[in-house]
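To start, the structure itself, in structure tokens.
The values are calculated or read from the model by the stated rules, or taken from the named source; none is laboratory data. Everything quoted here is computed from the prediction, not taken from an experiment. Because the Cβ atoms are built from the backbone with ideal geometry, glycine has one as well, and the counts that use them run over all protein chains shown. Protein only, heavy atoms only, side chains kept; ligands, DNA and RNA dropped before computing areas. Shrake-Rupley method; radii C 1.70, N 1.55, O 1.52, S 1.80 Å.
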Amino acid sequence: MTAAAGPRARRGRGGRRAGRAWRGYLYVLPAAAVYLAFAVLPALHTAYLSLFEWDGVTLGEWAGLRNYREVFSDPALRGAVFNALVLVVFFALLPILAGLVMTGLLSLPRASLGGAGSRRRGLGVYRLLFMLPQVVPLVAVGVTWRWLYGEDGLINETLGGIGLGGWARPWLGDFDWALVAVGLVGTWVLSGLCMMLFLAGVHKIDPQLYEAARLDGAGPVREFVSVTLPQLRGELAVALTVTTVAALASFDIVYVTTGGGPGEETTVPGLLVYKLAFTDGKVGLASALGVVLSLLILGLVYIINRLSRTERT
């Protein structure tokens, strides 16, 4: 009786676990169906279209890998990818650096006093101001900065008012400065997001680590470098992933501010996919560029996650 009851009991527990697992899958099923319909299937269809020469109207012609060869051989297409990689500096590296600086300043009382109810007065106002670019639509952001960068905009007027009128220029129409100008808009937009991620990470740090650092004679700067920064590895990985994707998939700000000009100086893959598909009637080539861009993003995200996982272990 006892020997037979043991296997039956184990089978019963296994059946209950399997039932709970299937119920869990049922809860996930609606979200998975939406993701499959609006993300996976369109991605597969885009990869399929990349194998054809198609103008979006008439019957397509099989092209094989010809579109991909053009992506890697056409200087304009390679230039768009290079511009996106340059924007990674402004959309990812500079916002992360600015976010760390702002986090260090706003969390200074907590770090130096051990977190015992010590918070900088008006912290909520600072958070609101820094997060404002995330609330405002990117189209509105682009329109505002296009006015600021204009020949008679606030930036040139300010330069003239402080005696630096020689630096004034049509920033978005300058071949040397247009990409930098667009990149700085991305820096302004994403710095607040990075700051909020890092502040959330700071509040999870054990205050005893700061107490130990102070007992060793550490000042605020050393506390931040030795205690806060190492504890923010996970948040740094998330911020780098989000901002890198934003840089490589950028479209709104570039489209509104420069439209890819002057010339092709600010053309990025997202904008070029739009132009190829809806202006030039090269849907197959646009799809191939979209696939290459997606693979580039996935590759960089994979590298970031691997590096962050290695550092944590």
Hey, does region 218-226 have a residue that's within 17 Å of Leu100 (Cβ to Cβ) and among the β-branched types (Val, Ile, Thr)? yes
If you go through Leu289, Leu298, Leu271, Leu276, the only one that is part of a helix (DSSP H, G or I) and within 18 Å of Leu172 (Cβ to Cβ) is Leu271
Of all the residues that make up region 145-164, how many are in contact with a helix residue (DSSP H, G or I) (Cβ under 6 Å, 6 or more places away or on another chain) and either farther than 16 Å from Tyr255 by Cα or of a type in the set (A, V, I, L, M) (or both)? 5
If you go through region 135-150 one residue at a time, do you hit one that is free of Cβ contacts under 8 Å to residues at least 40 places away in the same chain and touching a Lys or Arg at 6+ places or on another chain (Cβ under 9 Å)? no
Of the residues in region 199-230, those that are open to solvent by less than 70 Å² (accessible area, probe 1.4 Å), touching a helix residue (DSSP H, G or I) at 6+ places or on another chain (Cβ under 8 Å) and part of a loop (DSSP other than H, G, I, E, B) number 2
In this structure, does Gly234 turn out to be part of a helix (DSSP H, G or I) and either open to solvent by 30 Å² or more (accessible area, probe 1.4 Å) or farther than 30 Å from Trp177 by Cβ (or both)? yes
What number of residues within region 71-99 satisfy the criterion of being farther than 30 Å from Leu236 by Cβ and in contact with a helix residue (DSSP H, G or I) (Cβ under 6 Å, 6 or more places away or on another chain)? 2
By residue number, the members of region 73-89 that are over 21 Å from Leu276 (Cα atoms) and open to solvent by 30 Å² or more (accessible area, probe 1.4 Å) are Val86, Val89
Among the residues of region 279-305, how many are touching a residue at least 12 places away in the same chain (Cβ under 8 Å), among the hydrophobic types (A, V, I, L, M, F, W, C) and open to solvent by 40 Å² or more (accessible area, probe 1.4 Å)? 2
Of all residues in region 130-149, count the ones that are modelled with pLDDT of 90 or more and either touching a Pro at 6+ places or on another chain (Cβ under 6 Å) or open to solvent by less than 50 Å² (accessible area, probe 1.4 Å) (or both). 6
Single residue of Ala32, Ala21 found to be more than 18 Å from Leu285 (Cβ to Cβ) and modelled with pLDDT of 90 or more: Ala32
So how many residues does region 76-91 have that are farther than 16 Å from Thr244 by Cα and free of Cβ contacts under 8 Å to residues at least 24 places away in the same chain? 1
Of the residues in region 171-192, those that are farther than 14 Å from Ser250 by Cβ and open to solvent by 60 Å² or more (accessible area, probe 1.4 Å) come to Phe175, Asp176, Trp177
Go through (1) open to solvent by 30 Å² or more (accessible area, probe 1.4 Å); (2) under 14 Å from Phe82 (Cα atoms); (3) in contact with a Phe, Trp or Tyr (Cβ under 7 Å, 6 or more places away or on another chain) and name the single condition Ala246 misses. (2)
